[in-house]
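Working notes, beginning with the structure itself.
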Amino acid sequence: METLEVDLAERSYPIFIGQGLLDRADLLAAGLPQPRVLIVSNETVAPLYLTRVRAAFAAAGVEALDVVLPDGEHFKDWPTLNRIFDALLGHRCERATTLVALGGGVIGDMTGFAAACYQRGVPFIQVPTTLLAQVDSSVGGKTAINHPQGKNMIGAFHQPQRVLIDTDSLATLPAREFRSGLAEVIKYGLIRDLPFLEWLEVNLDALLARSPAALAEAILRSCRNKAEVVAADERESGERALLNLGHTFGHAIETGAGYGVWLHGEAVAAGTMMAAELSQRLGWIDASLVARIGRLFERCSLPVVGPALGEERYLELMAHDKKVQGGRLRLVLLRAAGRAVVSADAPVADVAAAIAARCR
Ligand code: NAD
Ligand code: MG
């Protein structure tokens, strides 16, 4: 097992990465303020893993309640969030009850937001079971639900007590979900870690075959990058925005196509190609780097073009992005392989041209 620390002063917490962690009563139950937890999961993940996690808590003498939500990005909404509050209140849960998110990024984001709100804030533990959640959403304390007019628009910063990543849980993940998670893994290499990007180019086949050693290495290096960025800029006033490479375009794709039609990582891959295309148009990177990025995504069977929504519709959707400041669109662009910057300088005409070049 590997342990990383997210260094945030009094909000610091460990990330545990290894095999068989879902059964580790010691890791799950350590330091609970009260021997009572509410596990939040969904109808897909609960049949696979809930019994084991409940048993681990029971072994540690912890009462484990649960609430099982419907599965899907389109349930990342108010009515479904409210079911967590119904369960908490129905069981008379107190401020010392810990929430446990058992599932992918949707469950993690919703459980975290519920934990931020219930009685003005209760502790929570992330037990991510998708690759995307393990390398990205479970670390860093961003929690949210969607609004019909924008993804993740209603939310809070609320850091977990710890993150338990059981790499074995990826064995049951559908291939399309696994590949979607790889988009965020590749992102870390592109924005700040050239050696990792090169490692990925060499080891991608092993990763696609879900070799335990390759998985462990990729997840560890991804989490290390995420933890460093979050420690440096918890509330996204600077460097953290770089994690959104491809996301402004990607969110437009996700919202424009309808939540759940494009997976997050698929939209990020196509969005990253738009960002790379734009960086090339600005003269910051050359065509060979754009092609190199495209090859990596294509090896993962990830899309390198977005849906043909029309440039105007893209720009309209992108104008809702949380990175918009004073009406100016701020985009994460590439300066080189392994180096990204946030820029508000791209002329709208170039943004539109980059979108048009990467749509079908
Ligand atoms: P998801 O939570 O919808 O999970 C994908 C699918 O896999 C679901 O059907 C789920 O039930 C299923 N699943 C989960 N674990 C499984 C397992 N081990 N075996 C079999 N099936 C399993 O999607 P996701 O990609 O994990 O997360 C996407 C969400 O994360 C989006 O809502 C996105 O906004 C959010 N996100 C948040 C952050 C953040 O910083 N908070 C970062 C990135 C993404
Ligand atoms: Mg993301």
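Any read-out appearing in this document is the output of simple, stated calculations on the displayed coordinates, not a laboratory observation. Everything numeric in this text was worked out from a predicted model, so none of it was measured. Neighbour counts run over all protein chains shown; Cβ positions are idealised from the backbone, glycine included.
What order, most packed first, do the peptides 218-225, 27-34, 283-290, 263-270 have when packing is the mean number of other Cβ atoms within 10 Å of each residue? Kindly include the intermediate steps, with their values, before the conclusion.
On the way: 218-225: 22.5, 27-34: 17.0, 283-290: 14.5, 263-270: 27.6.
Going by the mean number of other Cβ atoms within 10 Å, highest first, we get 263-270, 218-225, 27-34, 283-290.
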Find the centroid of the Cα atoms in the range 1-79 and in the range 239-318, then give the distance between the two in whole Å. 32
Report the gain in length on full extension from Ala291 to Gln119: 0.36 nm times residue separation, minus Cα-Cα distance, nm rounded to one decimal. 56.9 nm
Calculate one ³J(HN,Hα) per residue across the range 261-266 by plugging θ = phi - 60° into the Karplus curve 6.51 cos²θ - 1.76 cosθ + 1.60, and present them in order as whole Hz with x for glycine and proline. 6, 9, 6, 3, x, 5
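Which shape class applies to the range 1-99: rounded if a/c is under 1.5, otherwise prolate when a/b exceeds b/c and oblate if not, where a ≥ b ≥ c are the square roots of the Cα gyration tensor eigenvalues?
Values: a/c = 1.41, a/b = 1.37, b/c = 1.03.
Because its axes are fairly even, with a/c under 1.5, the range 1-99 counts as rounded.
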If R0 = 22 Å, then Ala213 and Asp7, at their Cβ-Cβ distance, give a FRET efficiency to the nearest 0.05 of 0.25
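For Glu43 and Ala349 in the same chain, what is the full-extension length gain: residue separation times 0.36 nm, less their Cα-Cα distance, in nm?
Working: separation 306, 0.36 × 306 = 110.16 nm, distance 4.50 nm.
Additional length available on full extension: 105.7 nm.
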Across the chain, how many lysine pairs, 8 or more apart or on two chains, come within less than 20 Å at their alpha-carbon atoms? 16
What is the Cα coordinate range of the chain on the first, second and third principal axes, sorted by size from largest, in whole angstrom? 60, 40, 36
Measure nothing but the geometry: give the 0 to 90° angle between the long axis through the Cα atoms of 105-117 and the longest principal axis through the Cα atoms of the chain, rounded to 10°. 60
If you take the beta carbon distance between Leu194 and Gln149 as r and set R0 to 41 Å, what does 1/(1 + (r/R0)^6) give as a FRET efficiency, to the nearest 0.05? 0.60
Could you list which residues have their amide H under 5 Å from that of Tyr13, counting only those 5 or more apart in sequence or on another chain, with H placed in the peptide plane? Val6, Leu8
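Given a Förster distance of 56 Å, report the FRET efficiency between Arg92 and Glu298 from their Cβ-Cβ distance, rounded to the nearest 0.05. Mind dumping the intermediate values first?
On the way: r = 53 Å, r/R0 = 0.94.
Working from the Cβ atoms, E equals 0.60.
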With the cut-off at 1.5 for a/c, could you classify the range 33-146 from its C-alpha gyration tensor as rounded, prolate or oblate? rounded
On Cα atoms only, tilt of 247-257 relative to the major axis of the chain in degrees: 80
